[in-house]
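Engineer: Take a look at the following structure, please.
The values are calculated or read from the model by the stated rules, or taken from the named source; none is laboratory data. Please read all numbers here as calculations on a predicted model, not as lab measurements. Cβ placement follows ideal geometry from the backbone for every residue including glycine, while neighbour counts extend to all protein chains displayed. Protein only, heavy atoms only, side chains kept; ligands, DNA and RNA dropped before computing areas. Shrake-Rupley method; radii C 1.70, N 1.55, O 1.52, S 1.80 Å.
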Amino acid sequence: MYETLETVLGKNGLLTAFAVVGATMWLSYWLSDRLTRGRIHGSAIAILAGLVLAYVGGVAAGGKNGLADLKLFSGLGLMGGAMLRDFAIVATAFGVSFDELKKCGLSGVLSLLVGVVVSFVLGAAVAYGFGYTDAVSMTTIGAGAVTYIVGPVTGAAIGASSEVIALSIAAGLVKSVLVMIGTPFVAKWIGLDNPRTAMIFGGMMGTTSGVCGGLAATDPKLVPYGAMTSTFYTGLGCLMGPSVLFLATRAMFG
């Protein structure tokens, strides 16, 4: 029975991957509604569940690709690969209107620059504190603190090791989950109750999944505005990471 199931699902790997992810998302949102009344967004629970499943799959198969190392879930390797990731980034970017961004004024543009630089500096400082003192590693991990997409894009461009790229992704995931969970609790303190502040918040935090999840738990009407600037943030980080930020880090640390 299991062999038949493995064969059928293995031959339809991508469809199986979509089914697994869909079931995980449904369960995560159900848990969010029933256990936290939406205070912890379903996306945050789904990310944590994905990390746990990846660990279990890696241990069970003795590999390095999580559940994708199991033939039954091999399609997850394609679904989570660079091709669909980059497609998702481009598709999101096409939904952004620059005219809407301009309505936020200079504060929106500054939030993008400040958000990228501050996140990078903090991430690079943590990397340095843990012994990653070369410019490539510091830049890659710092870029991961910008977002978990910017980290691997930067690392691949400047020749970082797979270990360092993995750390950059982990840094970005931690940031994303923290933003998702923390946004509803700090929203009142920072005046996060209108489109303008949502756009500035998205520009400062940057992690699109974290911002969208956090704003959805705060006020769903604010999600498009936060998503708009956080999408630009990701693109800006991918441009600055392997160029300006790397050159600056190399000039300071060699």
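Engineer: Within the set of pairs 6 or more residues apart or between chains, which connect a residue that is among the basic types (Lys, Arg) inside the range 26-39 to a residue that is open to solvent by less than 100 Å² (accessible area, probe 1.4 Å) with Cβ atoms less than 6 Å apart?
Structural biologist: Filtered contacts from the range 26-39: ARG39/PRO184.
Engineer: Take the range 36-46 and flag every residue that is part of a helix (DSSP H, G or I) and open to solvent by less than 30 Å² (accessible area, probe 1.4 Å).
Structural biologist: Step one: filter the range 36-46 for residues part of a helix (DSSP H, G or I), giving 36, 42-46.
Residues satisfying the conditions are GLY42, SER43, ALA44, ALA46.
Engineer: Something else about it: Looking at the range 221-244, can you tell me whether even one residue there is out of contact with any Ser or Thr (no Cβ under 9 Å at 6 or more places or on another chain), closer than 19 Å to VAL117 by Cβ and among the β-branched types (Val, Ile, Thr)?
Structural biologist: yes
Engineer: Still on this model: Within the range 181-199, can you find the residues that are surrounded by 24 or more Cβ atoms within 10 Å (Cβ to Cβ) and touching a Cys at 6+ places or on another chain (Cβ under 7 Å)? Lay out the reasoning, then the answer.
Structural biologist: Filtering the range 181-199 down to residues surrounded by 24 or more Cβ atoms within 10 Å (Cβ to Cβ) leaves 183, 198-199.
Listed by number, the list holds a single entry, MET199.
Engineer: Of all residues in the range 211-254, which are modelled with pLDDT under 85, open to solvent by 40 Å² or more (accessible area, probe 1.4 Å) and farther than 19 Å from PRO184 by Cα?
Structural biologist: Passing the criteria: PHE232, PHE253, GLY254.
Engineer: Give the number of residues within the range 110-131 that are under 22 Å from the mean Cα position of the chain (by Cα) and open to solvent by less than 70 Å² (accessible area, probe 1.4 Å).
Structural biologist: Qualifying residue count for the region: 12.
Engineer: Write out, first by first residue and then by second, each pair whose Cβ atoms fall under 7 Å of each other, whose residues are 6+ apart or on separate chains, and whose first residue, in the range 175-198, is free of Cβ contacts under 8 Å to residues at least 24 places away in the same chain while the second is open to solvent by 20 Å² or more (accessible area, probe 1.4 Å) and not in a loop (DSSP other than H, G, I, E, B).
Structural biologist: From the range 175-198, the pairs are GLY191/THR197.
Engineer: One residue is enough: does the range 162-177 have a residue meeting the conditions among the charged types (D, E, K, R), exposed (fewer than 15 other Cβ atoms within 10 Å of the Cβ) and assigned to a helix (DSSP H, G or I)? Walk me through it before giving the result.
Structural biologist: Going through the range 162-177, the residues among the charged types (D, E, K, R) turn out to be 163, 175.
Then drop every residue that is not exposed (fewer than 15 other Cβ atoms within 10 Å of the Cβ), which leaves 163.
Checking which are assigned to a helix (DSSP H, G or I) leaves us with 163.
Yes, the range 162-177 contains a residue that is among the charged types (D, E, K, R), exposed (fewer than 15 other Cβ atoms within 10 Å of the Cβ) and assigned to a helix (DSSP H, G or I).
Engineer: For residues that are outside any helix (DSSP H, G or I) and either in contact with a strand residue (DSSP E or B) (Cβ under 9 Å, 6 or more places away or on another chain) or not acidic (Asp, Glu) (or both), scanning just the range 132-161, find the one that is surrounded by the fewest Cβ atoms within 10 Å (Cβ to Cβ). Steps first, please.
Structural biologist: Residues of the range 132-161 that are outside any helix (DSSP H, G or I), as a first pass: 132-134, 147-149, 159-161.
Subsequent filtering for residues that are either in contact with a strand residue (DSSP E or B) (Cβ under 9 Å, 6 or more places away or on another chain) or not acidic (Asp, Glu) (or both) retains 132-133, 147-149, 159-161.
Working: TYR132: 21, THR133: 12, THR147: 31, TYR148: 23, ILE149: 25, GLY159: 10, ALA160: 27, SER161: 12.
By that ranking, first place goes to GLY159.
Engineer: Report, ordered by the first and then the second residue, all pairs with beta carbons closer than 9 Å, sequence separation of six or more or different chains, a first member in the range 231-243 that is of a type in the set (Ser, Thr, Tyr), and a second member that is crowded, with 21+ Cβ neighbours inside 10 Å and not in a helix (DSSP H, G or I).
Structural biologist: Close Cβ pairs satisfying both conditions: TYR233/THR147; TYR233/GLY206; TYR233/THR207; THR234/THR147; THR234/ILE149; THR234/GLY206; THR234/THR207.
Engineer: Just wondering, is there one or more residues in the range 97-109 that are modelled with pLDDT under 75, closer than 25 Å to THR197 by Cβ, within 21 Å of the chain's Cα centre (by Cα) and surrounded by fewer than 14 Cβ atoms within 10 Å (Cβ to Cβ)?
Structural biologist: No, there is no match, as no residue in the range 97-109 is modelled with pLDDT under 75, closer than 25 Å to THR197 by Cβ, within 21 Å of the chain's Cα centre (by Cα) and surrounded by fewer than 14 Cβ atoms within 10 Å (Cβ to Cβ).
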